[in-house]
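Enquirer: After the structure tokens below, expect a handful of questions from me.
The values are calculated or read from the model by the stated rules, or taken from the named source; none is laboratory data. The structure presented is a predicted model; accordingly, all values stated were derived computationally and were not measured. Because the Cβ atoms are built from the backbone with ideal geometry, glycine has one as well, and the counts that use them run over all protein chains shown.
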Amino acid sequence: MNINFTAHNIRLDDGSFTKPEANFAIDSDPRLIAAGRILETAFPGKKDHLRIADVGCLEGGYAVEFARMGFQVLGIEVRQSNIDACNYVKSKVNLPNLMFVKNNAWNIAEYGEFDAIFCCGLLYHIDNPRQYLKL
């Protein structure tokens, strides 16, 4: 299987990266840094009992970093090629608190309740984003 990473340059446990030609890794992405600060403010201390969904997780980069912060993370992605990339990453990191599912973002309720939802780069793909946010 040929996995082609187009966006997320994720550091794997062996020190390699998913997109080594990129100028920076996802752990230095300003959106991730900002989200991490917000999450730390909202949820100080241990995070292993807290659940985050990364909706429209693309190649899994943000989900991986949230799992590294200690959260229980579910990445939801509808495209098979992206789920293949997510599962490749999952096989290369030791993060038992990280899970990926192939599903439509509208079906998030099937996976229970979450303490936080991360939605970056998805809303413009949704026909009715306001209705989705109410969900």
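Enquirer: Identify all residues within the stretch 88-100 that are under 14 Å from the mean Cα position of the chain (by Cα) and either under 17 Å from Phe17 (Cβ atoms) or basic (Lys, Arg) (or both); write none if there are none.
Expert: Those that are under 14 Å from the mean Cα position of the chain (by Cα) and either under 17 Å from Phe17 (Cβ atoms) or basic (Lys, Arg) (or both): Tyr88, Val89, Lys90, Val93, Leu95.
Enquirer: Only residues that are touching a strand residue (DSSP E or B) at 6+ places or on another chain (Cβ under 8 Å) and either exposed (fewer than 12 other Cβ atoms within 10 Å of the Cβ) or touching a residue at least 24 places away in the same chain (Cβ under 8 Å) (or both): list them for the stretch 1-20, please.
Expert: Across the stretch 1-20, the qualifying residues are Asn9, Ile10.
Enquirer: Taking the stretch 33-52 as the region of interest, how many residues are in a helix (DSSP H, G or I) and under 13 Å from Leu95 (Cβ atoms)?
Expert: Adding up the residues that qualify gives 0.
Enquirer: Which members of the stretch 2-12 meet the condition of being out of contact with any Leu (no Cβ under 9 Å at 6 or more places or on another chain) and assigned to a loop (DSSP other than H, G, I, E, B)?
Expert: Correct list: Asn2, Ile3, Asn4, Phe5, Asn9, Ile10, Leu12.
Enquirer: Sticking with this structure for a sec: What residue, among those in the stretch 109-121 that are surrounded by 14 or more Cβ atoms within 10 Å (Cβ to Cβ) and under 14 Å from the mean Cα position of the chain (by Cα), is farthest from Ser16 (Cα to Cα)?
Expert: Here the answer is Phe114.
Enquirer: Still on this structure, please answer the following. Just to verify a result, which residue in the stretch 96-125, among those that are of a type in the set (Phe, Trp, Tyr) and closer than 17 Å to Gly61 by Cα, is modelled with the highest pLDDT?
Expert: Phe100
Enquirer: Going by the structure shown, is Gly60 modelled with pLDDT under 95, surrounded by 14 or more Cβ atoms within 10 Å (Cβ to Cβ) and of a type outside the set (S, T, N, Q)?
Expert: No; evaluated as a whole, the condition is false for this residue.
Enquirer: Is it fair to say Ile3 is among the aliphatic types (A, V, I, L, M) and at pLDDT below 95?
Expert: Criteria met by Ile3.
Enquirer: Right, something else. For the stretch 33-41, indicate whether the set of residues that are under 23 Å from Cys119 (Cβ atoms), among the acidic types (Asp, Glu) and more than 14 Å from the chain's Cα centre (by Cα) is non-empty.
Expert: Within the stretch 33-41, one or more residues are under 23 Å from Cys119 (Cβ atoms), among the acidic types (Asp, Glu) and more than 14 Å from the chain's Cα centre (by Cα).
Residue-by-condition table, conditions (1) over 25 Å from Leu135 (Cβ atoms); (2) loosely packed, with under 13 Cβ neighbours inside 10 Å; (3) among the charged types (D, E, K, R):
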{"position": "Ala22", "(1), (2), (3)": "yes, no, no"}
{"position": "Ile33", "(1), (2), (3)": "yes, yes, no"}
{"position": "Ile38", "(1), (2), (3)": "no, yes, no"}
{"position": "Gly56", "(1), (2), (3)": "no, no, no"}
{"position": "Leu74", "(1), (2), (3)": "no, no, no"}
